[in-house]
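Worksheet: the structure to be examined is printed underneath.
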Amino acid sequence: MGVDFRYRQLGYLALNVTDVEKSAAFATDVFGMDAAGEGDNGARFFRIGPRHHDMMLIPSGEPGFVRSGWELETEDDLDKAMAHYRDIGLSPQLIAQDEANMLGLERAFRIVEPKLGTTWEYYARMSHTAVPRQNTLTKFQGGKHYGLVVPDCKGLTEYMIENMGFMNSDYVEGWRASLLRAFPNPNHHSFAPLQFPAPRPTFHHVAFMVEEIDDIGKLFNRIKRYDVGIQFGIGRHPTSGSIHLYIYDPDYFVWEYTLGMEQFPEEGAREPRRMSADPAGFDLWGAVPETVHADKFPPIVVA
């Protein structure tokens with residue numbers, strides 16, 4: 001791992017959505033987030049805790065994954081990250097202060113990683129609110145991760161370990177998937193590149209950690225009332241050990257509740273495991289992913 005900056009967590013994702021009203025209703029009424037105001041061009045913010053936002057939904061003619069936002073531990077780490085990415089030729093760009101203010105950030109920069117062309121945003125300080133959450137549907141723990149369908153899981157994994165400060169927790173034989181943690185964040189993974197037949201790189205899922213199994217059970221019953229489809233689950237992952245339920249939103253973005261993820265120490269962590277690709281061991285509870293709508297996964301917006 002050739003970087004000297006430290007991650008705190010995956011901060012937020014920005015997604016293009018085709019009907020922001022429908023997507024907003026899904027985020028609040030189904031998924032249990034709090035609406036947290038509006039940004040430029042009709043964008044909507046949503047939060048699961050005290051931070052300014054954890055998701056940003058942007059009105060667009062086509063759905064797509066826009067960027068990930070990563071919170072570093074300190075302002076010094078932000079300076080180190082910017083210098084590092086400049087040194088390896090990724091030309092980090094500070095975002096304008098007006099945009100930073102709109103996003104609730106003190107300062108931030110963005111890079112475009114060269115393997116997929118996705119945009120990564122880095123910051124250290126996001127505004128917090130003292131206003132308690134109003135939505136009582138779910139108790140969120142605060143952690144999150146996301147996955148993308150990629151053409152070269154092994155190549156992207158190696159690049160991120162060498163150049164972006166990630167560590168490998170587990171991978172599936174044949175490099176069909178890897179599960180990467182943003183060091184020194186202890187969660188089993190914050191990013192998951194997945195490789196399976198697809199005409200193009202796409203968004204796969206975003207996951208939010210919840211406090212109790214009841215949160216997952218209540219979501220399972222709630223989605224029936226809203227006619228929301230299940231993509232995967234209820235099940236239990238053999239890698240992280242987490243209990244999961246993946247569901248579709250109106251644009252076929254997949255959103256997940258997850259509970260019980262393995263935690264890694266900063267020092268003395270176990271080595272990554274080479275996990276079997278045998279479908280019989282894909283889920284400890286025998287859950288099988290729904291694949292009928294895989295061709296509808298939204299694309300990655302390439303910078």
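The values are calculated or read from the model by the stated rules, or taken from the named source; none is laboratory data. Just so we're clear, the structure is a prediction, and the values are computed from it rather than from any experiment. All Cβ positions, even for glycine, are placed from backbone atoms using ideal geometry, and neighbour counts span all protein chains on display. Calculation scope for accessible area: heavy atoms of the full protein, side chains included, ligands and nucleic acids excluded. Shrake-Rupley method; radii C 1.70, N 1.55, O 1.52, S 1.80 Å.
Hey, among 37, 104, 61, which residue is farther than 29 Å from residue 210 by Cα, out of contact with any Asp or Glu (no Cβ under 9 Å at 6 or more places or on another chain) and not hydroxyl-bearing (Ser, Thr, Tyr)?
Answer to the check: 61.
Among the residues of segment 289-303, what is the count of those that are closer than 24 Å to residue 154 by Cα, open to solvent by 50 Å² or more (accessible area, probe 1.4 Å) and touching a residue at least 12 places away in the same chain (Cβ under 8 Å)? Full working, then the answer.
Filtering segment 289-303 for residues closer than 24 Å to residue 154 by Cα gives 289, 291, 294-295, 297-303.
From what's left, open to solvent by 50 Å² or more (accessible area, probe 1.4 Å): 291, 295, 301-303.
So of that shortlist, the ones also touching a residue at least 12 places away in the same chain (Cβ under 8 Å) come out as 295, 301-303.
Qualifying residue count, segment 289-303: 4.
If you check residue 17 against the conditions, is it open to solvent by 10 Å² or more (accessible area, probe 1.4 Å), touching a Ser or Thr at 6+ places or on another chain (Cβ under 7 Å), touching a residue at least 40 places away in the same chain (Cβ under 8 Å) and hydrophobic (A, V, I, L, M, F, W, C)?
no
Among what's in segment 107-130 and is in contact with a helix residue (DSSP H, G or I) (Cβ under 6 Å, 6 or more places away or on another chain) and of a type in the set (A, V, I, L, M, F, W, C), pick the residue that is farthest from residue 71 (Cα to Cα).
111
Given the structure, is residue 186 farther than 18 Å from residue 244 by Cβ and modelled with pLDDT under 95?
Here the answer is no, as residue 186 does not meet what is asked.
Please go through segment 229-257 and pick out each residue that is more than 11 Å from residue 208 (Cα to Cα) and outside any loop (DSSP other than H, G, I, E, B).
230, 231, 232, 233, 234, 235, 236, 243, 247, 248, 254
Being under 21 Å from residue 49 (Cβ atoms), touching a strand residue (DSSP E or B) at 6+ places or on another chain (Cβ under 9 Å) and of a type in the set (Gly, Ala, Ser) narrows it down to one residue among 117, 104; which is it?
Exactly one residue qualifies, and that residue is 104.
I'd like the full set of residues that are under 20 Å from residue 245 (Cβ atoms), surrounded by 13 or more Cβ atoms within 10 Å (Cβ to Cβ) and not hydroxyl-bearing (Ser, Thr, Tyr), limited to segment 257-283.
Those that are under 20 Å from residue 245 (Cβ atoms), surrounded by 13 or more Cβ atoms within 10 Å (Cβ to Cβ) and not hydroxyl-bearing (Ser, Thr, Tyr): 259, 260, 261, 262, 282, 283.
Could you tell me whether any residue of segment 239-253 is of a type in the set (D, E, K, R), at pLDDT 95 or above and surrounded by fewer than 17 Cβ atoms within 10 Å (Cβ to Cβ)?
No, that holds for no residue.
Could you run through segment 25-37 and say how many residues are buried (at least 18 other Cβ atoms within 10 Å of the Cβ) and of a type outside the set (Phe, Trp, Tyr)?
6
Being farther than 30 Å from residue 30 by Cβ, out of contact with any strand residue (DSSP E or B) (no Cβ under 6 Å at 6 or more places or on another chain) and among the aliphatic types (A, V, I, L, M): is that true of residue 96 here? If you could, list the steps in order and put the result at the bottom.
Details: farther than 30 Å from residue 30 by Cβ: yes; out of contact with any strand residue (DSSP E or B) (no Cβ under 6 Å at 6 or more places or on another chain): yes; among the aliphatic types (A, V, I, L, M): yes.
Yes.
Among the residues of segment 41-86 satisfying the criterion of being β-branched (Val, Ile, Thr) and open to solvent by 20 Å² or more (accessible area, probe 1.4 Å), which is farthest from residue 183 (Cα to Cα)?
Residue satisfying both the conditions and the ranking: 58.
Every residue in segment 97-123 that is among the polar types (S, T, N, Q) and open to solvent by less than 70 Å² (accessible area, probe 1.4 Å), please.
Within segment 97-123, the subset among the polar types (S, T, N, Q) is 97, 101, 118-119.
118, 119 - these are the residues of segment 97-123 that are among the polar types (S, T, N, Q) and open to solvent by less than 70 Å² (accessible area, probe 1.4 Å).
In segment 258-303, how many residues are assigned to a strand (DSSP E or B) and within 22 Å of residue 8 (Cβ to Cβ)? Explain how you work it out, then say what you get.
Of segment 258-303, the ones assigned to a strand (DSSP E or B) are 258-259, 263, 273-275, 299-300.
Now restrict to residues that are within 22 Å of residue 8 (Cβ to Cβ): 258-259, 263.
Total satisfying the criteria: 3.
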